[in-house]
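For reference, the structure discussed in these notes is given below.
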Amino acid sequence: MHQFIDRRANPKGKSHGNRQRFLRRARENIKERVDRSVRDKSIQDGEGVAADGEKVTIPARGLKEPRFFHGAKGGNRQYVLPGNKEFVVGDTIPKPKGGTGQGGGEASEDGEGEDEFSFTLSRDEYLEILFDGLELPDLVEKTMVETETIGTRRAGLTTAGTPNNLNLVRTMRNSLGRRIALRRPSTQAQAELEAEISALEALAPLSASQEALLAELQERLDGLRRKRRVVGYIDPLDLRYDTFVPEKIRNSRAVVFCLMDVSGSMQEREKDLGKRFFLLLHLFLSRCYEHTELVFIRHTHHAQEVDEDTFFYARETGGTIVSTALDKMREIIADRYPPDEWNIYGAQASDGENFGNDSTRCKQLLLNDILPVCQYYAYMEIIAEMSTALLNSPETGDDLWQNYREVKAQAPHFEMQRVSMPEHIYPIFREFFLPRVKGGQNA
């Protein structure tokens with residue numbers, strides 16, 4: 001008799017299918033709360049999303065399954081529900097007053113509240129909803145000879161293999177077909193025949209006809225048992241194993257250049273807004289590529305490549321010459337990131353101030369050296385909180401903004417936006433990566 005032990009690794013969530021159906025059903029509410037949370041989240045909170053997931057609270061209304069009720073809606077009820085200790089038949093139940101409940105829902109002036117349901121999204125679920133509908137623009141296939149790795153892929157079934165590769169579904173399907181074809185007696189048929197023999201044996205003494213019937217039934221039972229032993233429940237012929245073959249896997253990779261002005265005009269508020277944007281960009285590209293690298297370039301009147309802590313938190317004063325950062329980016333690309341092997345992205349944050357005629361040189365560097373090797377380049381200009389007129393007037397701005405507008409007119413994979421408050425970051429980020437139709441416009 002064969003014994004099989006299923007040692008396959010089960011997923012942690014026993015009801016994974018039910019969870020996916022729930023997420024699809026409540027996707028609209030979940031999407032609204034996720035968008036709201038990322039707008040209100042601090043930098044420290046945002047960094048923890050990638051590892052810990054996110055707790056989301058959505059209205060419970062609309063999550064209940066449909067049910068049948070007796071009678072039409074409204075009217076009189078002449079029954080008392082089980083467990084009731086306060087009312088009898090004929091009592092009138094008063095309408096609850098708004099705001100007196102102890103739950104976590106929202107009360108309304110007509111007395112009906114809105115219950116809430118809280119649960120935790122995993123990292124992958126949170127990022128999938130956060131970046132839903134976004135795509136990489138101007139995606140060009142790169143050769144990646146140096147990043148090939150050896151992996152495995154499914155290659156059908158075989159009749160020999162290791163126990164951990166046993167395909168239970170196909171094995172049991174073969175077993176069932178063989179038992180049906182060979183007419184193997186079922187356990188129920190054997191139990192019914194044994195019960196009939198026991199009932200006949202209980203009728204003692206037996207007549208000649210009953211003894212003959214008992215002998216016939218015993219002979220049938222012996223034959224049934226013998227056939228069940230010959231035609232086993234699972235035979236080695238039924239076994240099927242998953243088979244895998246090695247294959248070369250090309251791991252796509254990208255590099256993100258983060259450029260930020262750290263001169264005296266860029267205070268902690270401006271740096272905070274810049275880091276929010278760079279954080280979203282890194283999370284998004286990490287989902288699109290197997291391997292993503294970050295290069296941090298900070299500049300005043302000179303530029304230097306630094307680590308993340310220095311990039312965001314170190315203080316420095318001086319004038320502003322933006323072209324130094326673009327020169328540094330061009331040098332690093334030529335030195336470490338061949339454009340035919342890397343998907344190159346650029347993200348720049350600045351307050352728009354620049355020295356003299358340097359903005360014209362920035363335009364030339366972008367058009368001639370940077371954008372031809374970039375998949376995408378995003379420029380975010382951080383303005384004062386009270387400068388709402390600039391948000392609504394893209395045609396006005398300082399010299400750097402005007403020159404970058406000329407770059408945008410010539411390069412469809414260059415995008416520029418303005419922000420003034422933290423809640424602007426996520427909508428602007430979505431504007432950068434919305435699917436685009438021909439002509440460079442958002443779909």
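The values are calculated or read from the model by the stated rules, or taken from the named source; none is laboratory data. Computed from a prediction, not measured in an experiment: that's the story for all the values here. Backbone-built Cβ (ideal geometry, glycine too); neighbour counts: all protein chains shown. Ligands, DNA and RNA are excluded from the accessible area calculation, which covers all protein heavy atoms including side chains. Shrake-Rupley method; radii C 1.70, N 1.55, O 1.52, S 1.80 Å.
In the stretch 296-319, what residues are modelled with pLDDT of 85 or more and either under 16 Å from GLU270 (Cα atoms) or in contact with a helix residue (DSSP H, G or I) (Cβ under 6 Å, 6 or more places away or on another chain) (or both)? The answer is PHE296, ILE297, ARG298, HIS299, THR300, HIS302, ALA303.
So, of the residues in the stretch 184-221 that are of a type in the set (D, E, K, R) and open to solvent by less than 70 Å² (accessible area, probe 1.4 Å), which turns out to be farthest from the chain's Cα centre (by Cα)? That would be GLU194. State yes or no: is GLU270 open to solvent by 10 Å² or more (accessible area, probe 1.4 Å) and assigned to a strand (DSSP E or B)? So GLU270 does not fit the description; no. Tell me, which residue of the stretch 159-183 that is at pLDDT below 90 and among the small types (Gly, Ala, Ser) is least open to solvent (accessible area, probe 1.4 Å)? The residue in question is GLY161.
Being open to solvent by less than 40 Å² (accessible area, probe 1.4 Å) and modelled with pLDDT of 85 or more, is that true of even one residue in the stretch 390-400? Within the stretch 390-400, one or more residues are open to solvent by less than 40 Å² (accessible area, probe 1.4 Å) and modelled with pLDDT of 85 or more.
Out of everything in the stretch 299-314 that is touching a residue at least 24 places away in the same chain (Cβ under 8 Å) and over 32 Å from the mean Cα position of the chain (by Cα), what residue ends up being surrounded by the fewest Cβ atoms within 10 Å (Cβ to Cβ)? Among them, the one singled out is ALA314. Cβ separations smaller than 8 Å between residues 6+ apart or across chains give the following pairs from the stretch 423-443 residues that are more than 17 Å from TYR379 (Cα to Cα) and at pLDDT 75 or above to residues that are assigned to a helix (DSSP H, G or I) and open to solvent by 60 Å² or more (accessible area, probe 1.4 Å): GLU423/ARG39; GLU423/ASP40. Could you tell me whether any residue of the stretch 344-352 is under 24 Å from GLY397 (Cβ atoms) and outside any strand (DSSP E or B)? Yes; the residues of the stretch 344-352 include at least one that is under 24 Å from GLY397 (Cβ atoms) and outside any strand (DSSP E or B). Consider ARG330 carefully, then state whether it is open to solvent by 60 Å² or more (accessible area, probe 1.4 Å) and farther than 21 Å from PHE277 by Cβ. Spelling it out, ARG330 is indeed open to solvent by 60 Å² or more (accessible area, probe 1.4 Å) and farther than 21 Å from PHE277 by Cβ. Look at (1) open to solvent by less than 20 Å² (accessible area, probe 1.4 Å); (2) at pLDDT 80 or above; (3) under 30 Å from LEU371 (Cα atoms) and you find that LEU285 fails only one, number (2). A Cβ distance below 6 Å, combined with a sequence gap of six or more or placement on separate chains, defines the contacts here; from the stretch 373-384, residues that are among the charged types (D, E, K, R) reach residues that are not in a strand (DSSP E or B) in the pairs GLU381/GLY352. When ASP340, ASP242 are checked against the criterion of being touching a residue at least 40 places away in the same chain (Cβ under 8 Å), farther than 22 Å from HIS424 by Cα and loosely packed, with under 14 Cβ neighbours inside 10 Å, a single residue qualifies: ASP340. Taking each residue of the stretch 271-294 that is more than 11 Å from CYS258 (Cβ to Cβ) and looking for partners that are modelled with pLDDT of 75 or more and in a helix (DSSP H, G or I) with beta-carbon atoms closer than 6 Å, six or more apart or interchain, yields ARG276/ILE425; LEU280/PHE429.
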